[in-house]
Amino acid sequence: MENPFTHSRVATGKSFCNRQQELKDLTYYVKNNQTVLLYSHRRTGKTSLIFELMGKLKKMRPVVRSIYIDLYGTLDENDFIAAIFSALPQIESKLEKLLKLASGLKLSIVVDPLTGQPSVSVSISRSERPKYLKSVMEIVASYAKKQKLVVVFDEFQEIDKYTDPGFEKRLRSHIQLHKNIGYIFSGSQKHILTQMFNTTDRAFYQMARSYPLKRIELEQYIKWAQGLFKKRKISIASEIITDIVDRCEYQPMYIQQFLFELWRQADISPAAIASIESDILVRRENEFII
């Protein structure tokens, strides 16, 4: 059986641990066109939850389509617009149609020869940015006319550092007019997001339902890990999993890494746990050696 644990990519499917209540809540909110502010510290499995949600929505009948827009590293409205354009192939597979929708706009579209996926760069003057933002948001809205759509902006706190005058107000003015779309604003810097959504003179004041992501409970980790090891006909004691979760301080990424290494061990014992932790720490130290 293939190792079901992962720490180098987004955990979905069998690699995804529980969060059934969160999936239920978020599904209800977005299906009813609500706007959600999802936040947590980094490495708490937020992105995995988002992708698991998107996969669940895709399997529904009628299908609920989703578009995931990663804003990490964006610096201004120009980058924001490019990020949306680059994400559009998630809901429109025909490049010709995208080009038609974006006709009249100065875009540079490059198709990756390996993945076949297009990436978009936008280089426009400040005065043109409002026009381009309006155009791309209208394109997004057009895909919700006949079918419900969910739009996810990940690392949404990045827009707080944009210096484009009036950007947040313009973005809100577009979003609040959209119908048949559920929005998720996701981020990892609570203090910035709180200021953005709870300060009376900010554009996004009280626009979204706050949904803080709590840590996964120990009992859920135990049930999940034991279930996966059982498929390999290996019994793993609750105490072992508890020890791992404690050592990793409940952080999903580190727990995944620990269990990934444990999966190939013939001896699942406290000594094996200590050895794995030592190996992981050594590798991390070497990563910082130049």
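Would you point out the residue of the stretch 23-39, among those that are within 21 Å of ILE255 (Cβ to Cβ) and surrounded by 19 or more Cβ atoms within 10 Å (Cβ to Cβ), that is modelled with the lowest pLDDT? So, considering only residues that are within 21 Å of ILE255 (Cβ to Cβ) and surrounded by 19 or more Cβ atoms within 10 Å (Cβ to Cβ), the one modelled with the lowest pLDDT is TYR39. Checked against the criterion of being assigned by TED's automatic domain parsing to the domain that holds PHE197 and free of Cβ contacts under 8 Å to residues at least 60 places away in the same chain, the candidates LEU88, LEU149 yield just one match: LEU88.
Here the condition is being of a type in the set (A, V, I, L, M) and either farther than 30 Å from LYS146 by Cα or modelled with pLDDT under 95 (or both); of LEU49, LEU71, LEU88, it holds for LEU88 alone. Pull up the stretch 168-197, narrow it to residues that are of a type in the set (A, V, I, L, M, F, W, C) and over 26 Å from ARG65 (Cβ atoms), then point me to the one that is surrounded by the most Cβ atoms within 10 Å (Cβ to Cβ). Checked the stretch 168-197; the qualifying residue surrounded by the most Cβ atoms within 10 Å (Cβ to Cβ) is MET196. Here the stretch 163-187 is the region considered, the condition is being touching an Asp or Glu at 6+ places or on another chain (Cβ under 7 Å) and over 18 Å from VAL150 (Cβ atoms), and the residue that is modelled with the highest pLDDT is PHE167. Restricting ILE181, ILE234, ILE222, ILE216 to residues that are touching a Cys at 6+ places or on another chain (Cβ under 7 Å) and more than 23 Å from ASN78 (Cα to Cα) narrows the list to ILE216. Take the conditions (1) more than 29 Å from ASP25 (Cα to Cα); (2) hydroxyl-bearing (Ser, Thr, Tyr); (3) in contact (Cβ under 8 Å) with a residue 12 or more places away in the chain; TYR68 misses just one of them, which is (1). Residue count for the stretch 88-100 satisfying the condition of being in contact with a strand residue (DSSP E or B) (Cβ under 9 Å, 6 or more places away or on another chain), closer than 13 Å to TYR143 by Cα and in a helix (DSSP H, G or I): 4. Determine whether the stretch 275-285 contains at least one residue that is of a type outside the set (A, V, I, L, M) and either closer than 30 Å to GLN157 by Cα or not in a helix (DSSP H, G or I) (or both). Yes; the residues of the stretch 275-285 include at least one that is of a type outside the set (A, V, I, L, M) and either closer than 30 Å to GLN157 by Cα or not in a helix (DSSP H, G or I) (or both). Annotation: SER210 fulfils all but one of (1) among the polar types (S, T, N, Q); (2) crowded, with 17+ Cβ neighbours inside 10 Å; (3) modelled with pLDDT of 95 or more; the unmet one is (2). In the set (1) assigned to a helix (DSSP H, G or I); (2) of a type in the set (Ser, Thr, Tyr); (3) touching a residue at least 40 places away in the same chain (Cβ under 8 Å); (4) more than 30 Å from ILE268 (Cβ to Cβ), the condition left unmet by TYR221 is number (4).
The values are calculated or read from the model by the stated rules, or taken from the named source; none is laboratory data. Predicted, not measured: the structure shown is a model, and the values here were computed from it. No Cβ is skipped: glycine too gets one built from the backbone with ideal geometry, and neighbour counts run over all protein chains shown.
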